[in-house]
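Inspection log for the structure reproduced underneath, given as structure tokens.
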Amino acid sequence: MQNDMRPEQERAMREGLDEETLAIYDLLKKPTLTPGEEKEVKKVAKETLEKLKAEKLKVDRWRESTQVSSQVRTIITSSLEYLPQAPYPDDELADLNLVVYQHVYANYQGAGYSTYGPF
């Protein structure tokens, strides 16, 4: 029987994440992380996505609402504060917040739909 998984699906499984979480983890990951720090970054990626999908990304056309899109930014900002301090100094967090927000904006249309399928 042939393996039908795409490379990204295989990598997600190896990393112990789903594809959506892997995408956010990839935005946050640094080559210098220790295994313990990698685990923390995976946890932050997973929890950030779970928080967003639980509420804000279910709002229909959330990107058109200044209020909801600003709440999405706030959730991302507060979640990324849990990244390990040493490899992620405060002065880098603003850039990471923006990169993660842009990814979410591009891939989550609202009303429970995303590039990755409904949720």
Task: Lys/Arg +1, Asp/Glu -1 at C-beta; segment 50-93 dipole; positive extreme among 59, 72, 93 - done: 59
Task: Eligible lysines near residue 39 by straight Cα distance, threshold 17 Å, same-chain separation 8 or greater - done: 29, 30
Task: Label point distance in nm, residue 34-residue 115, each placed 7 Å from Cα along Cα→Cβ - done: 3.3 nm
- [ ] Could you let me know the centre-to-centre spacing of segment 14-52 and segment 78-119, using Cα atoms, in angstrom?
- [x] 11 Å
Task: Karplus (6.51, -1.76, 1.60) ³J(HN,Hα), θ = phi - 60°, over segment 52-63, in Hz, Gly and Pro reported as x - done: 5, 6, 5, 9, 4, 7, 8, 5, 4, 6, 4, 5
- [ ] Taking the Cα centre of the chain as origin, sum charge times position over the Cβ atoms of Lys and Arg (+1) and Asp and Glu (-1), and report the length of that vector in debye to the nearest 20.
- [x] 280 debye
- [ ] Using a 1.4 angstrom probe, figure out how much accessible area the chain has per residue, in square angstrom, rounded to the nearest whole.
- [x] 61 Å²
- [ ] Please turn the phi angles of segment 17-31 into ³J(HN,Hα) values with the Karplus equation 6.51 cos²θ - 1.76 cosθ + 1.60 (θ = phi - 60°), one per residue in order, whole Hz, x for glycine and proline.
- [x] 10, 8, 4, 5, 5, 4, 4, 6, 4, 4, 5, 9, 5, 10, x
Task: At most 14 other Cβ within 10 Å, DSSP loop - GluC sites (Glu not before Pro), segment 12-119 - done: 55, 81
- [ ] List the residues whose amide H sits under 5 Å from the amide H of residue 59, counting only those 5 or more places along or on another chain, with H placed 1.01 Å from N in the peptide plane.
- [x] 111, 112
- [ ] Summarise the accessible area of the chain (1.4 Å probe, protein heavy atoms) by the percent that is carbon and sulfur.
- [x] 51 percent
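The values are calculated or read from the model by the stated rules, or taken from the named source; none is laboratory data. Small disclaimer: the values here were computed from a predicted structure and weren't measured. Please note: Cβ atoms are built from the backbone with ideal geometry, for glycine as well, and neighbour counts cover all protein chains shown. Accessible surface is based on the protein model in full, side chains and every heavy atom, while ligands, DNA and RNA are left aside. Shrake-Rupley method; radii C 1.70, N 1.55, O 1.52, S 1.80 Å.
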